[in-house]
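The values are calculated or read from the model by the stated rules, or taken from the named source; none is laboratory data. Please read all numbers here as calculations on a predicted model, not as lab measurements. When we count neighbours, we look across all protein chains shown, and the Cβ atoms used for this are built from the backbone with ideal geometry, even at glycine.
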Amino acid sequence: MRIGFGYDVHRLVEGRRLILCGVEIPYELGLLGHSDADVAVHALMDAILGAFALGDIGKLFPDSDPKYKDADSMGLLRVVIERMRDEGYSLGNLDITIIAERPKLAPYIMQMRECLAGAFGCELSRVSVKATTEEGLGLAGEGIGATAIVAINNIN
Ligand code: MG
């Protein structure tokens, strides 16, 4: 078994869509980034790559490459999942924590889990998504952060 950890933060700005774990959330602000800025999926991809010491998503999908402008992060995740399978591994389980003062994410958590489980083709019970605030002491509404931890199993 291998484990990996990922962490990412993006700034909330006007005029962008807010997409978390592949789910579009109705809100007046969205996350700024070269891709669709799905901060939770970015943390998750870094966790998977970290489990194999394969670097990070900046190395795999450089933001200097126009190909990744406004890229669908779920599409990039599928590439990373393929890479994991090429290494002979499958998902054990994953646990994501999204850190956001606003908006309230509780109504979207199940949809996020279903979206990720669909990408892995795995049972919902292997995919955990949680959300927390930092009580106004951290990112404080300026942005959204995410951490992810994954356990992956050798299938050979
Ligand atoms: Mg990012």
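Residue pairs, Cβ under 8 Å, 6 or more apart or interchain, first in region 78-103 and closer than 16 Å to residue 51 by Cα, second β-branched (Val, Ile, Thr) and modelled with pLDDT under 95. List them. Sorted first by the residue in region 78-103, then by its partner, the pairs are 80/57; 88/155; 89/155; 90/155.
Considering every residue within region 49-63, establish whether at least one is more than 12 Å from the ligand (Cβ to nearest atom), basic (Lys, Arg) and in contact with a helix residue (DSSP H, G or I) (Cβ under 7 Å, 6 or more places away or on another chain). Scanning region 49-63 turns up no residue that is more than 12 Å from the ligand (Cβ to nearest atom), basic (Lys, Arg) and in contact with a helix residue (DSSP H, G or I) (Cβ under 7 Å, 6 or more places away or on another chain). Residue 145 meets all of the listed conditions (1) within 12 Å of the chain's Cα centre (by Cα); (2) assigned to a helix (DSSP H, G or I); (3) of a type in the set (Gly, Ala, Ser) but one, namely (2).
Within region 82-110, the set of residues being touching a Leu at 6+ places or on another chain (Cβ under 8 Å) and of a type in the set (A, V, I, L, M, F, W, C) comprises 84, 94, 96, 98, 99, 100, 105.
On the given criteria, is residue 117 surrounded by fewer than 19 Cβ atoms within 10 Å (Cβ to Cβ) and farther than 19 Å from residue 28 by Cβ? Answer is yes for this residue. Regarding residue 90, is this residue within 13 Å of the chain's Cα centre (by Cα) and surrounded by fewer than 18 Cβ atoms within 10 Å (Cβ to Cβ)? Here the answer is no, as residue 90 does not meet what is asked. Cβ-Cβ contacts under 8 Å between residues 6 or more apart (or on different chains), taken from a first residue in region 108-119 that is outside any helix (DSSP H, G or I) to a second residue that is surrounded by fewer than 16 Cβ atoms within 10 Å (Cβ to Cβ) and at pLDDT 95 or above, are absent. When region 16-46 is filtered for residues that are within 17 Å of residue 80 (Cα to Cα) and either within 12 Å of the ligand (Cβ to nearest atom) or surrounded by fewer than 21 Cβ atoms within 10 Å (Cβ to Cβ) (or both), the ones remaining, listed by number, are 35, 36, 37, 38, 39, 40, 41, 42, 43, 44, 45, 46.
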